[in-house]
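Just below is one structure, and these are the notes that go with it.
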Amino acid sequence: MNIVRENLENLTSLLKVTVSESDYADAVDKALRQYKKKANIPGFRPGMVPMSVINKMYRKGVTAEESYRAASKAAFDYFEKEKIDIIGDLLPSDQQKDLDFDNDTTHEFVFEFAVTPEVNLALSKKDKVAEYEIKLTDEMRDGYRTNFMRRFGRLVDVEAVEKDEALTVTLDNEEMKIEEAYVGLISMNDEERKPFVGKKVGDTMDIDINTLYKSPSQRASMLQVKEKDLEGINPKFKLTIDKIRKFAEPDLDEEFFKTAFPEGNVKDAEGFNKYIDEQITKDLKRESEYLFTLTMRKFLVEKAALVMPEAFLKEWLFKINEGKFSMEDIEKDFPAFVDMMRWNIIQKKVIADKEIKLTSDEVVTEAKALAMMQFAYYGMNSVADEMLENYAKNMLSNKEEAQKIQEKLYERKVLDALTPEITVQKKSVTSEEFGKLVEAANQR
């Protein structure tokens, strides 16, 4: 076995691995014996095919396969011995010459590989990164309160339409009549609601169902038919309002607090207002942390300024995807991909340098937190720990989900380790300003 490395440009190298018969002969013989055991050839009983026939049929292909395997293994052993950290994978080189497996016993395989660039962040307090905090407003409080109370409220009859009531109507276009049809104004914008505002029970109005609802599924639901039956229906109807109902918030009494907060952590209006602020603050903090993560990643990638073997990586992506993507497809998404690789290299370096570890308890705790967020989304603000534990275990049994959680935790720990080394400039912004910052960060 002989290995020769030839450095090319931009972190790439050729690796010429020469294997002799002694490097692959045993593996070839073992593979051919397996062929002999399993060969099903007319004229011979199973397992009784002469070795000469097996050799004639399979030796060349097996020799090619096993010699290549021996060369690949030698290459990776070489990387490990020389402590070479490669990026992407080992690729057959365009400089590979034709090999004669019929007559030669020594074969030279030529590979190409790229070395992971060195990371040198050299952070200091002179480095400044902005962290944006969203201002908590009364509008946010009102919105959170309304959404929360809606889960415990009820619909009551009212005389006139004001804004977002629920209407029960009769539709008639002389060809068909639909009674107890539903019109939900809450899903409409102010312009769409305008024709209904001020109307009372018994009032009539002419509508075009196609104008009222853009979605075929909404039109079908309102007309109580299937979507495929919409075609041919005259969309112009006379609408008669039969019932107007409005959402009414529950009273902030003892019954409400026992129902909404069975664990007893909120017992009065003052406690409820405090709870609302706490929940909004948690949500805003998550949003702020998300943008800070994007900002820090961008800063660290630019600070490291890693020069990547881009031509090699494009070729690698093209080959490993086996024709699923054209070079044009790869070029289009390559900037985002290569930045992701830069970030992964930086993380790997920081994890090694700072000896960052991840415990199983931390993974389970994160999975439980994610599970709690999902329950909260559906209005379940109090969940038994046993249920959370089981939900988290089920989540972690999915390898893909478990990997995502671990990657998120490692990223958080990397940023937590690096943040004290720089200057974080806290800035207060409105939710509208914050939204524009997030949009800009995601477009980079």
| Check: segment 392-444 dipole with +1 on Lys, Arg Cβ and -1 on Asp, Glu Cβ, in debye | 120
| said: Tell me the per residue accessible area of segment 92-145 using a 1.4 Å probe; a whole number in Å² is fine. | reply: 63
| How much net charge surrounds P46 when only other residues with a Cβ under 11 Å from its Cβ are counted (Lys, Arg +1; Asp, Glu -1)? | +4
| Span from the segment 231-264 Cα centroid across to the segment 56-84 one, whole angstrom | 70
| query | How big is the Rg/Rh ratio for segment 181-245, C-alpha atoms only, Rh by Kirkwood, two decimals? | reply | 0.95
| task | Among the GluC sites (Glu not before Pro) in segment 38-140, which ones are in a DSSP loop with at most 13 other Cβ atoms within 10 Å of the Cβ? Mind listing them? | result | E82, E118
| query | Roughly how many nanometres apart are two label points built 7 Å out from the Cα toward the Cβ at A25 and M205? | reply | 9.3
| task | Post the alpha-carbon centroid distance, segment 160-197 to segment 425-440, in whole angstrom. | result | 38
| said: Loop-only trypsin sites (Lys or Arg not before Pro) in segment 143-227, please: DSSP not H, G, I, E or B, and at most 14 other Cβ atoms within 10 Å. | reply: R151, K163, K214, K226
| request: Round to the nearest 0.05 the FRET efficiency obtained for K357 and E421 when R0 = 22 Å and r is the Cβ-Cβ distance. | output: 0.65
| Once every DSSP H run of n ≥ 4 in the chain is given -39500 (n - 2.57) and the sum is divided by its residues, what mean residue ellipticity at 222 nm do you get, rounded to the nearest 500 deg cm²/dmol? | -16500 deg cm²/dmol
| field | Å² of accessible area per residue within segment 286-444, as computed with a 1.4 Å probe and no ligands counted | value | 62
| said: Kirkwood hydrodynamic radius, segment 287-444, all distinct C-alpha pairs: what's the number in Å? | reply: 18.6
| What is the percent of Cα-Cα separations in the chain that go past 43 Å? | 47
| task | Output the pairs from K226/K246; K368/K408; K285/K408 with a Cα-Cα distance over 25 Å in this structure; if there are none, say none. | result | K226/K246
| request: Take the alpha-carbon centre of segment 199-213, take the same for segment 294-366, and report the distance between them in whole Å. | output: 55
| query | At T168 and L14, where each label point lies 7 Å from the Cα along Cα→Cβ, what is the point-to-point distance in nanometres? | reply | 8.4
| said: How big is the dipole moment of segment 92-215 about its Cα centre under a simple scheme where the beta carbon of each Lys and Arg is +1, that of each Asp and Glu is -1, and everything else is neutral? Debye, nearest 20, please. | reply: 1200
| note | Ranking A402, V438, A384 by how far each Cα lies towards the positive end of the charge dipole of segment 382-444 (+1 on Lys and Arg Cβ, -1 on Asp and Glu Cβ), the top one is V438
| field | For a label point 7 Å along the Cα-to-beta-carbon line of V158, residues of segment 248-265 with backbone N under 11 Å | value | 248-249
| task | Using only the Cα atoms of segment 1-109, construct the convex hull and provide its projected area averaged over every direction, in square nanometres to one decimal. | result | 8.3
| For the chain, what's the relative contact order in percent, using C-alpha pairs closer than 8 Å and at least 6 residues apart? | 18
| query | What is the Cα coordinate range of segment 80-149 on the first, second and third principal axes, sorted by size from largest, in whole angstrom? | reply | 84, 40, 22
| field | Mean shadow area of segment 307-386, taken as a quarter of the surface of its Cα convex hull (nm²) | value | 9.3
| request: Report the calculated FRET efficiency for K83 and Y144 (r = Cβ-Cβ distance, R0 = 56 Å), to the nearest 0.05. | output: 0.55
| said: I need to check one value: relative contact order of segment 239-361, counting alpha carbon pairs closer than 8 Å and at least 6 residues apart, in percent. | reply: 16
| request: Return the subset of K16/K354; K163/K238; K125/K303 for which the Cα-Cα distance in this structure is over 25 Å, preserving the input order. | output: K16/K354
| task | Over segment 75-186, calculate the relative contact order: mean separation of alpha carbon pairs under 8 Å at least 6 apart, over the residue count, as a percent. | result | 16
| message | Please give me the summed charge of the neighbours of K368: other residues whose Cβ is under 9 Å from its Cβ, Lys and Arg +1, Asp and Glu -1. | response | -3
| P(r) histogram, all alpha-carbon pairs of segment 217-312 included - 5 Å bins from 0, percent | 2, 8, 9, 8, 7, 6, 6, 9, 11, 11, 9, 6, 4, 2, 0
| request: Calculate what fraction, in whole %, of the accessible area of the chain sits on carbon and sulfur atoms when a 1.4 Å probe is rolled over the protein chains. | output: 48
| Once the Cα gyration tensor of segment 102-197 is found, what semi-axes does its equivalent ellipsoid get, as square roots of 5 times the eigenvalues, in whole Å, sorted largest first? | 65, 33, 13
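The values are calculated or read from the model by the stated rules, or taken from the named source; none is laboratory data. Note that the structure is a prediction, hence the values are computed from the model and not measured. When we count neighbours, we look across all protein chains shown, and the Cβ atoms used for this are built from the backbone with ideal geometry, even at glycine. With ligands, DNA and RNA removed, areas are computed over all heavy atoms of the protein, side chains included. Shrake-Rupley method; radii C 1.70, N 1.55, O 1.52, S 1.80 Å.
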